[in-house]
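These notes concern the structure reproduced below.
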Amino acid sequence: MGRIITLITDFGTTDGYMGAVYGVIKSINPDSEVINIASNIPAADIRKAARALLNSYRFFPEGTIHMVVVDPTVGPNRRALLLTDGSYYFVGPDNGLFTPVMKVTGDLECYQITNDKFRLATGSETFHGRDMFAPAAAYISMGVAPEEFGPKIDNPVTIDDPDPEKFGDELVGKVIDIDAFGNLVTNIPSHMVKNDSCIIFCNHKITGLSKSYADVDEKQPLAYIGSFGNLEIGINKGNAANFFGALVFDEVKITDFK
Amino acid sequence: MGRIITLITDFGTTDGYMGAVYGVIKSINPDSEVINIASNIPAADIRKAARALLNSYRFFPEGTIHMVVVDPTVGPNRRALLLTDGSYYFVGPDNGLFTPVMKVTGDLECYQITNDKFRLATGSETFHGRDMFAPAAAYISMGVAPEEFGPKIDNPVTIDDPDPEKFGDELVGKVIDIDAFGNLVTNIPSHMVKNDSCIIFCNHKITGLSKSYADVDEKQPLAYIGSFGNLEIGINKGNAANFFGALVFDEVKITDFK
Amino acid sequence: MGRIITLITDFGTTDGYMGAVYGVIKSINPDSEVINIASNIPAADIRKAARALLNSYRFFPEGTIHMVVVDPTVGPNRRALLLTDGSYYFVGPDNGLFTPVMKVTGDLECYQITNDKFRLATGSETFHGRDMFAPAAAYISMGVAPEEFGPKIDNPVTIDDPDPEKFGDELVGKVIDIDAFGNLVTNIPSHMVKNDSCIIFCNHKITGLSKSYADVDEKQPLAYIGSFGNLEIGINKGNAANFFGALVFDEVKITDFK
């Protein structure tokens, strides 16, 4: 079995974009295994793609190459990136997609992809997913060293990825992701929450952490440590985003945090 | 080539859930081949997932492992299951997902997954797809025997999966699935329908079975034996669910059945 | 690694249809590699599927088999096709799906699939994707020659795939595809457009070609040569289909073409 290349994109499942990317990768490295893990990121939603990557990349075998293409600023002036923490490789546009991963891994070596040897010569500047990132992913999977793609850089674009803030006795966090089930993922890590913390969201007060949805009555809100290690707010057999009319960046407060 | 693991889930294609599941499986058994066959089951729609499984599982090679995760009652008190008919393996939550398959296969050996040796130690109780079912599927694909996962049980949760009923000269069945094209799948098997049976649905009378959509005029309803062997109602070049405003469990009557 | 079979369908991601197709292929040829490149083609949208195929097929390694199933006229009277240009193979219903590819490749050998030896004997006439096209794709991937599937034909059904027309100084083209981002793909090839051409669409005048979206202000329209070589109209950080209320077959004019 060859090495794994995963795809997170906003390409959707109605056009030939995904097919072109698969085709380019398999033509360069027939032994690679391409796994499509999120193809319906909302168009241009960098933050959502960054979150999907953060929540899944580390479960793959070492050596896996994660290609993330949500690319509203595609063009000759937007840098193309290749990053690695020594275990995993990441390729995608320089627009902040890798900010949350960088926060977790600490130091990620970052290269700008400039070597035209690894670029598909289509003349197009609007589909770097096919012309730059797919070949880069394929050549990495064949063992080409990161240095060969271009110069090391130390200033990748970052997006705002807020941390919770303390105001006296209160911890103020934010909703940073809303998943397909309507669960609200906050930026508050498990170690800042007590089992009996009081969580305030949208004028609702939730007392204490639940272990699973069934700990509260149906259609009632609960707070719990989500599967990726952060405080989440959900509804037992319901959709918290709809229930609260919640949006990303809404505030979540804890009055008695750790 | 290693063994096949298929996935039927309500995880969608915008989050990192699918990626985490793929990653866990490929990390345990790099030689397994993971095939994503239905990732947009409506959230918590157990019945829909059960139907997708029933309609596809037996077309795969023997030894295939079918992982089905639609899991509204996820938590430490909901049992995790591993089932087998000797040819195929099934893993998923104990909520009725496997009821239709059990009806077809007759006796399915059923095990509760309790052995923590095969569990991902994340401490989370809200994502058993990643932490319990993905590892179980991966270890089965490596040849671990069902008995090693936990005790045999004989009382899995079942869902209502109605059979058609006879009232004098009339057979009363139900719509049990509506597919992506709006075709209405009933619970009436082909052997109960005559070629010239009279089918009544929503005050419409359809006389006789068609062999294909083109047997009736465009936008007209037809009845036919569907690709999975049951009576279906469709519209030639149209959407029967929209045409009739049909819902799952709507009644279908046959006045002259076999 | 075995040969690649790609899938473009309107089967969606909520039913067992995709699973049945995968299962049939993998049961016949376990060494094939099945790649799902577009599973949410709008129901019965032959034109959209034809476009997805055209934009992706040639990026795959030679020998790849492209299975395209959007099949509103499925039934015993609709011919099943197998086509090849010597490099790639195509299987699908005879309804025009392959028209754009035929225009590009010139001569495509075309066979009608009639040999029941390669058909799944389900008795159904409503799911040829599973019963005819999946087996055909699988057997081609195992080296069965096209002639064995049935007779050569020279009159496949075609769909209207308009070319731009010249009226004096004016070139009149059409929108032939709208992608998931709302970009408008026209039928005007790059060689007919000058860098400073004046493009008129929906009473908007766009002067000159841009190289990338960022060449214009945010939310402003631009014209550019798209990633597949045709003139496209887009909006920088916006959705051109929504901006213009555009539909497929809307007219695009160029007053000073090449």
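The values are calculated or read from the model by the stated rules, or taken from the named source; none is laboratory data. This one's a predicted model, so the numbers in the text were calculated from it and none came from an experiment. Cβ placement follows ideal geometry from the backbone for every residue including glycine, while neighbour counts extend to all protein chains displayed. With ligands, DNA and RNA removed, areas are computed over all heavy atoms of the protein, side chains included. Shrake-Rupley method; radii C 1.70, N 1.55, O 1.52, S 1.80 Å.
For the pair the stretch B:103-172 and the stretch C:16-47, the centres of their Cα atoms are 26 angstrom apart.
A label point on B:Glu62, set 7 Å along the Cα-to-Cβ line, lies at 4.0, 4.0 nm from each of its counterparts in the other copies, closest listed first. Remark: for residue pairs B:Lys103/C:Lys48; B:Lys219/B:Lys258; A:Lys117/C:Lys194; A:Lys26/A:Lys237; C:Lys26/C:Lys152, the C-alpha separation exceeds 32 Å in B:Lys103/C:Lys48; A:Lys26/A:Lys237.
Sorted shortest first, the distances from the C:Phe249 label point to those of the same residue in the other copies are 4.3, 4.3 nm; each point sits 7 Å from Cα along Cα-to-Cβ.
Between B:Asp256 and B:Asp217, what length comes free when the chain is fully extended (0.36 nm per residue of separation minus the Cα-Cα distance, one decimal in nm)?
Working: separation 39, 0.36 × 39 = 14.04 nm, distance 2.42 nm.
Length gained between B:Asp256 and B:Asp217: 11.6 nm.
Label separation (C:Val104 vs A:Asp161): 3.8 nm, computed from points 7 Å beyond Cα along the C-beta direction.
Taking only the alpha carbons of chain A, we obtain Rg and Dmax values of 20.1, 60 Å in that order. Electrostatic tally near C:Gly226: other residues with Cβ closer than 15 Å to its Cβ, Lys and Arg +1, Asp and Glu -1, net -4.
Accessible surface area normalised per residue over the stretch C:187-242 is 45 Å², counting heavy atoms of protein chains with a 1.4 Å rolling probe. Other residues lying with their Cβ under 14 Å from the Cβ of C:Lys237 contribute a combined charge of -4, Lys and Arg counting +1, Asp and Glu -1. Using just its DSSP H runs of length 4 or more, each adding -39500 (n - 2.57), the protein assembly as shown gives a mean residue ellipticity at 222 nm of -4500 deg cm²/dmol after division by all residues. If R0 is 25 Å, the Cβ-Cβ spacing of C:Glu148 and C:Glu62 corresponds to a FRET efficiency of close to 0.75. For chain A, the residue among A:Ile178, A:Asn95, A:Asn230 whose Cα projects farthest onto the positive side of the dipole built from Cβ charges is A:Ile178. Ligands, DNA and RNA excluded, the heavy atoms of C:His191 present near 120 Å² of accessible surface to a 1.4 Å solvent probe. Using only alpha carbons, the stretch C:165-255 has a radius of gyration to Kirkwood radius ratio (Rg to Rh) of 0.92. Along each principal axis, taking the top coordinate minus the bottom one, the Cα set of the stretch A:126-198 gives 52, 32, 26 Å in descending order. With the alpha-carbon atoms of the stretch B:43-99 aligned to their principal axes, the span from lowest to highest coordinate is 32, 20, 14 Å, starting with the largest.
So what's the net charge close to B:Glu62: Lys and Arg +1, Asp and Glu -1, counting the other residues with Cβ under 15 Å from its Cβ? Write out the running numbers ahead of the final one.
Values: positive: B:Arg3, B:Arg58, C:Lys26; negative: B:Glu33, B:Asp85.
Combined, the nearby Lys, Arg, Asp and Glu give +1.
Note that the stretch C:199-246, at 20 °C in a medium of 1.002 mPa s, gets a Stokes-Einstein diffusion coefficient of 200 µm²/s from its Kirkwood radius over C-alpha pairs. When accessible surface is computed with a 1.4 Å probe, chains C and A are found to bury approximately 2500 Å² between them, both chains counted.
So if the hydrodynamic radius of the protein assembly as shown is defined as the Kirkwood radius over C-alpha pairs, what does Stokes-Einstein give as its diffusion coefficient at 20 °C and 1.002 mPa s, in µm² per second?
Values: Rh = 27.7 Å.
Estimated diffusion coefficient is 77 µm²/s.
Computed over the alpha-carbon pairs of the stretch B:64-177, the distance histogram in 5 Å steps reads 2, 11, 22, 22, 16, 10, 6, 5, 3, 2, 1, 0 percent, short to long. In the elastic network of chain C, a GNM with C-alpha springs shorter than 10 Å, the most mobile of C:Phe59, C:Phe90, C:Phe244 is C:Phe59. At a probe radius of 1.4 angstrom, the accessible area of the stretch A:4-153 per residue rounds to 28 square angstrom.
On the protein heavy atoms, probe 1.4 angstrom, tell me the percent of accessible surface of chain A carried by carbon and sulfur. Carbon with sulfur: 47 percent of the solvent-accessible area.
Placing pseudo-labels 7 Å out from each Cα toward the beta carbon at A:Ser87 and C:Asp169 gives an inter-label distance of 6.6 nm. Proximity of backbone amide H atoms, modeled 1.01 Å from N, is registered between C:Val252 and C:Gly173, C:Lys174, C:Val175 at under 5 Å, excluding neighbours fewer than 5 places apart on the same chain. Distances between equivalent label points of C:Glu109 across the copies, with each point positioned 7 Å along Cα→Cβ, amount to 5.0, 5.0 nm, shortest listed first. What you get for chain A, charging only the Cβ of Lys and Arg (+1) and of Asp and Glu (-1), is a dipole of about 260 debye around the Cα centre. Structure remark: mean-square fluctuation, Gaussian network model of chain B, C-alpha springs under 10 Å; the largest value among B:Arg130, B:Arg78, B:Arg51 belongs to B:Arg78. If you wrap the stretch A:4-153 in the convex hull of its Cα atoms and look at it from every side, the mean projected area works out to 7.8 nm².
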